[in-house]
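Report on the structure given below.
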Amino acid sequence: MPRKTTGIPGLDSMLQNGFPFPSAVLIAGEPGTGKTTLAVQSLFHGAKECEKGLYITAISEPQWLVQKFLSSFSFYDQEVVEKGMIDFIDLGPTIVKDPSGMLDIIKKKIEQCQPDRIVIDPITPMIDLLQWRGETREFMHELFAYLKAFNSLVLITSEMSYDDISHSQESYMVDGVIVLSYPEEEKVRRKFLEVLKMRGTKHTTGRQLIDITDEGLAVQAGLR
Ligand SMILES: Nc1ncnc2c1ncn2[C@@H]1O[C@H](COP(=O)(O)OP(=O)(O)OP(=O)(O)O)[C@@H](O)[C@H]1O
Ligand SMILES: [Mg+2]
């Protein structure tokens, strides 16, 4: 099976040398567990290998704010962004006005950009917007069918805890699920990464300790 290296130190060896390609992988975790860091670090890693990246959010925060936070990491490369190797787009303002048009906008952006790696970060507000209209299921089915037909690696982040995962539709629809967590154990809080599933991959099981530093996210050496 073709693979794409993740760009996360220690993660490739947990996944038989990287993410299956093409595939859609859910990066699940509670607030602040490192979902955005992992996903964007992987985009910049791809850009180094001349892969086009597309980052889609709907958080309605000014773009510069997201990039300002990310630019403190050493993997962030302004030149890559200026050259257009990674496009950052915020659908927030558009989709609040017209939630049903969300899928078409996403498709159009993907067709324009022709990305090798796509990040949707997070998918949670998109789902919430459609929930009250009862359109979530249809949206998810169509989105995943579209993404699967597109030859790329898709990382979708989602705000959820371990308990939420087994009840979520998206975790069944994707090829892989990675969970980030930071449980408190014996009065210390440590960060973990766990590969719950990865189709076609003999992956490492169980929670692995991770570090987030100025260099980004890494699975701790010795525990890989
Ligand atoms: N330079 C750094 N050094 C150490 N830790 C950092 C650094 N930058 C960020 N962090 C840690 O990473 C966390 C943020 O990670 P990130 O934004 O990727 O999480 P997230 O899961 O996307 O959060 P959210 O759900 O709020 O979007 C911070 O809460 C902080 O604990
Ligand atoms: Mg985030």
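List the GluC sites (Glu not before Pro) within the range 124-224 that fall in a DSSP loop (any state other than H, G, I, E or B) and whose Cβ has at most 15 other Cβ atoms within 10 Å.
Passing sites in the range 124-224 are GLU186, GLU215.
Would the range 130-191 count as rounded, prolate or oblate if I go by the C-alpha gyration tensor, calling it rounded below 1.5 in a/c and otherwise prolate when a/b exceeds b/c, oblate otherwise? Oblate is the answer for the range 130-191, as a/c is 1.5 or above yet b/c matches or exceeds a/b.
Longer than 32 Å from Cα to Cα, which of LYS52/LYS187; LYS52/LYS197; LYS97/LYS202; LYS83/LYS107 are they? Say none if no pair is.
On the way: LYS52/LYS187 43 Å; LYS52/LYS197 26 Å; LYS97/LYS202 44 Å; LYS83/LYS107 22 Å.
With Cα atoms farther than 32 Å apart: LYS52/LYS187; LYS97/LYS202.
Which translational diffusion coefficient, to the nearest whole µm²/s, is obtained for the range 44-160 from the Stokes-Einstein equation, given a Kirkwood hydrodynamic radius over C-alpha pairs, 25 °C and 0.890 mPa s?
On the way: Rh = 14.8 Å.
Taking Rh from Cα pairs, D becomes 166 µm²/s.
Using a 7 Å offset from the Cα along the Cα-to-Cβ direction at both LYS148 and SER60, what is the distance between the two label points in nm, to one decimal? Label at LYS148, label at SER60, 3.2 nm between them.
The separation of the range 13-68 from the range 119-176, counted between C-alpha centres, amounts to 15 Å. Value of Rg to Rh for the chain, rounded to two decimals, is 0.94; Kirkwood radius and Rg both from alpha-carbon coordinates.
Fully extending the segment from ASP128 to SER161 would add 10.3 nm, taking 0.36 nm per residue of separation and subtracting the current Cα-Cα distance. Note on the chain: antiparallel DSSP beta bridges, both residues inside, total approximately 40 percent of the bridges counted. Using θ = phi - 60° in the Karplus curve 6.51 cos²θ - 1.76 cosθ + 1.60, the 3J(HN,Hα) couplings for the range 50-56 round to 6, 9, 7, x, 10, 10, 10 Hz; x is entered for Gly and Pro. For the range 158-224, the spread of Cα coordinates along the three principal axes comes to 32, 25, 22 Å, biggest extent given first.
Where a number appears in this text, it was derived from the coordinates with a stated rule and is not lab data. Remember, predicted model here, so these are calculated numbers, not experimental data. With ideal geometry, Cβ positions are generated from the backbone for all residues, glycine too; neighbour counts draw on all protein chains shown.
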